[in-house]
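Structure, as C-alpha cells:
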Amino acid sequence: MSKTYRVENREALTGMLRRLDESVSESTLRQAAVAGARIIHDETKRQAPVGQRAGVVAGQPHWPGFLRDHLLIAYDQQESVPGKYASYLITWSKEAYYGRFVELGKRNAVKLTARTLARAIEEIEFGSSRTPAQPFLRPAFDASKAQAANKVAEIVEKKIREASNG
C-alpha cells in the first residue's frame with residue numbers, strides 16, 4: 001500500500017532535513033557517549049576499592065583512594081567509527097598503573113595474551129587461590145549501564161528536538 005504526499009514548501013523541508021542530519025552528527029554522538037560514560041565513571045569511582053595506607057610509589061606520594069581519584073574517561077579511537085558511534089573507556093591514569101594489580105592481584109598480573117586473557121578475566125571477577133576478588137569495573141558497569149543508556153538517548157533526543165524546532 002503506497003501513499004502520495006505533496007510538499008508545498010520544499011526549502012523548509014530541505015532545511016529541516018539538513019538540521020536533523022547535523023543533530024546526529026559526530027559531535028552529538030560524542031556528547032551523548034561522554035554523558036553515558038560519565039555516569040559509569042561516577043559509579044566506578046564509588047565502587048573502587050580504597051586502601052588503608054599512604055606511601056610513595058616511584059617517588060610520587062600515594063594516598064588511600066589514589067586509584068579512585070585517578071580513574072578517567074578516555075576516547076577509544078580503535079573501537080569508534082567516525083560518524084556512526086563513539087566509544088569511551090573507563091580506565092586509570094599512568095600514575096595509577098597498579099589498578100591492574102588491584103583487579104588481578106600482584107601475582108596474577110601476568111602479560112595478557114590471547115591464551116592468558118580468559119584466565120585473567122575469570123580471576124578478576126572470581127579471584128583465585130592466591131588472589132581475593134576485588135572487582136569494581138564490571139560491577140560498576142552492570143549497576144549503571146541502564147542509566148547511562150537512558151542518558152545517551154536523552155541527549156540524542158534533545159538534539160533532534162532542537163533541530164526539528166529550528
Open item on the list: Please determine whether any residue of the stretch 90-104 is assigned to a strand (DSSP E or B), within 24 Å of Q31 (Cα to Cα), modelled with pLDDT of 65 or more and of a type outside the set (A, V, I, L, M, F, W, C).
Closed with: yes
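Scanning for something of a type in the set (K, R), in the same structural domain as I160 (by TED's automatic domain parsing) and surrounded by 12 or more Cβ atoms within 10 Å (Cβ to Cβ), does the stretch 29-41 turn up at least one residue? Break it down into steps so the answer makes sense when it comes.
In the first step, residues of the stretch 29-41 are kept if they are of a type in the set (K, R); the result is 30, 38.
Now narrow it down to the ones that are in the same structural domain as I160 (by TED's automatic domain parsing): 30, 38.
From what's left, surrounded by 12 or more Cβ atoms within 10 Å (Cβ to Cβ): 30, 38.
For the stretch 29-41, residues of a type in the set (K, R), in the same structural domain as I160 (by TED's automatic domain parsing) and surrounded by 12 or more Cβ atoms within 10 Å (Cβ to Cβ): present.
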Open item on the list: Would you confirm, using the coordinates I've provided, whether E79 is modelled with pLDDT of 85 or more, loosely packed, with under 14 Cβ neighbours inside 10 Å and outside any helix (DSSP H, G or I)?
Closed with: yes
Task: Search result, residues across the stretch 46-76 that are basic (K, R) and buried (at least 17 other Cβ atoms within 10 Å of the Cβ) - done: R68
- [ ] Output the number of residues of the stretch 136-154 satisfying the condition of being crowded, with 18+ Cβ neighbours inside 10 Å and at pLDDT below 90.
- [x] 2
- [ ] Among the residues of the stretch 17-60, write down those that are hydrophobic (A, V, I, L, M, F, W, C), part of a helix (DSSP H, G or I) and either modelled with pLDDT of 80 or more or under 15 Å from K158 (Cα atoms) (or both).
- [x] L20, L29, A32, A33, V34, A35, A37, I39, I40
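Name every residue in the stretch 61-76 that is part of a strand (DSSP E or B) and within 30 Å of V156 (Cα to Cα), in order of residue number.
Answer for the stretch 61-76, where residues must be part of a strand (DSSP E or B) and within 30 Å of V156 (Cα to Cα): L71, L72, I73, A74, Y75.
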- [ ] Test each condition in (1) closer than 15 Å to L137 by Cα; (2) modelled with pLDDT under 75; (3) buried (at least 17 other Cβ atoms within 10 Å of the Cβ) for N108 and report the one that comes out false.
- [x] (1)
TODO: Using the structure shown, decide if A54 is of a type in the set (A, V, I, L, M) and without any contact (Cβ under 8 Å) to a residue 12 or more places away in the chain.
DONE: yes
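The values are calculated or read from the model by the stated rules, or taken from the named source; none is laboratory data. Owing to the predicted nature of the structure, the values given are computational and were not obtained by experimental measurement. No Cβ is skipped: glycine too gets one built from the backbone with ideal geometry, and neighbour counts run over all protein chains shown.
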